[in-house]
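Working notes for the structure below.
The values are calculated or read from the model by the stated rules, or taken from the named source; none is laboratory data. Since the model is a prediction, treat every value here as computed from it, not as a measurement. Backbone-built Cβ (ideal geometry, glycine too); neighbour counts: all protein chains shown. Accessible surface is based on the protein model in full, side chains and every heavy atom, while ligands, DNA and RNA are left aside. Shrake-Rupley method; radii C 1.70, N 1.55, O 1.52, S 1.80 Å.
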Amino acid sequence: MIAGKSILLVVTGGIAAYKSLELIRRLRDSGASVRAILTKSGAEFVTPLSVSALTGEKTFVELFSLTDETEIGHIQLSRQSDLIVVVPASADFMAKMAHGRADDLASTVMLATDKDVLLAPAMNVRMWDHPATQENLATLAQRGVRIIGPNEGSMACGEFGMGRMAEPNEILSAIKNYFTPTEAPLAGLKALITAGPTHEALDPVRYIANHSSGKQGYAIANAMKSLGADVTLVSGPTQLSTPSGVNLVPVTSARDMLAACQKALPADIAICAAAVADWRIAEQSNQKIKKTSGNEAPTLSFVQNPDILATLSKQGPKRPGLVIGFAAETENVENNAKSKLERKGCDWILANDVSPTTGTFGGDNNTLLLIDETGIDHWAKMTKDAAAEKLSRRIADKLKLNT
Ligand code: CTP
């Protein structure tokens, strides 16, 4: 219920600012009250007059307006709100927030507030993809800032890609969700998730690994947890922080991962997102392998690692009710995924193209296709968080149908 809630809307510079007007109208229609702050560049795109006409309130722009500070100080502005929503959030504004800058009213409010913040980023695709923006985004997300979008689509600059702001109805739903007591369709269910790479040691100082960042698996653990599941995340080495409330079991090798998974059974749902090394060194050396006198390169021989997904799928009475695998492919994605689903004996498989040009491995976005008992569903490119949420909701829907 958002009726009676007070939203502080921050409008920063960008063509998508015009959509903030529609959002204000919808928020007011839902019974919320809205106060708005425009940054200077935000005010180039929408005027304080048009914003005030829709909010029915004074719209704030400058930091050091004495009248505003006497009527209502910037601290009051955030204190009197239940949620702060930034629509659109420009790359520059996100950078300011991430770095704690406070050189205008909007950024000062962001630094001074203890209220929750929802950002709807909008920018050119290359600005969105830039490592600086992605790092700022990660910093903000880690601080608990909520993010909606951006979506993929055509942009005002004539380009196509990620960076188009979420639509007002999507932002409105995110605001409604924020105020709705958390729904927990997966409450009482136990989920086992594997994530990250495995490291296969050659000797005490060297190992073989792959480029998996673990981001997709961690995002799934987080999404499953937020729908109420009791989540055990068995993860190979990653740089990621553990999603709150998730039970992390850190492992190194494929064999460790399998042992940890078997220990975590029984589970209702198993999702294998880890990029498990298919082989390990046949004879791991207990001592650092030295260069031989003639500098002769050593010959390594490999043995196959256990297949965790296939093992969980064929676990007999302990088999989780729903077993989901991933298929990381660099060619013939659909066909390879179909045969992997059969070979491994899992129930669903999510396939993605991990060719280096796609940026999936290590990146923040994923383009997936889901094969389940109903057929093949191609998902648009989206953030790994959004894909995790979509998957978790699909799982919740499936399990609801089965009850
Ligand atoms: N997987 C696993 N244990 C392994 C290998 C893979 O649990 N030893 C799981 C992965 O977590 C993923 C699925 O199996 O859910 C498919 O992994 P992928 O790397 O795409 O396939 P592989 O089984 O390695 O087959 P191939 O190398 O032939 O593509």
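Details
- Residue in the stretch 102-114 that is open to solvent by 20 Å² or more (accessible area, probe 1.4 Å), in contact (Cβ under 8 Å) with a residue 24 or more places away in the chain, within 15 Å of I171 (Cβ to Cβ) and outside any helix (DSSP H, G or I) present: no
- Any chance A122 is surrounded by 21 or more Cβ atoms within 10 Å (Cβ to Cβ), of a type in the set (G, A, S) and in the same structural domain as A36 (by TED's automatic domain parsing): yes
- Search result, residues across the stretch 326-344 that are modelled with pLDDT under 95 and within 7 Å of the ligand (Cβ to nearest atom): A328, E329
- Those residues of the stretch 346-403 which are open to solvent by 70 Å² or more (accessible area, probe 1.4 Å) and within 22 Å of A310 (Cα to Cα), in sequence order: E373, T374
- Any chance G321 is over 18 Å from G217 (Cβ atoms) and within 12 Å of the ligand (Cβ to nearest atom): no
- Being over 12 Å from A195 (Cα atoms), at pLDDT 95 or above and away from the ligand (no atom under 13 Å from the Cβ) holds for only one residue in K225, K263, and it is K263.
- Test: residue in the stretch 309-318 that is charged (D, E, K, R), within 13 Å of the ligand (Cβ to nearest atom) and free of Cβ contacts under 8 Å to residues at least 24 places away in the same chain: no
- Qualifying residues in the stretch 145-181 (those that are charged (D, E, K, R) and under 18 Å from the mean Cα position of the chain (by Cα)) - the one surrounded by the fewest Cβ atoms within 10 Å (Cβ to Cβ): E170
- The stretch 18-44 - residue that is open to solvent by less than 10 Å² (accessible area, probe 1.4 Å) and part of a helix (DSSP H, G or I) and, of those, farthest from S6 (Cα to Cα): G42
- Residue in the stretch 178-189 that is touching a strand residue (DSSP E or B) at 6+ places or on another chain (Cβ under 7 Å) and aliphatic (A, V, I, L, M) present: yes
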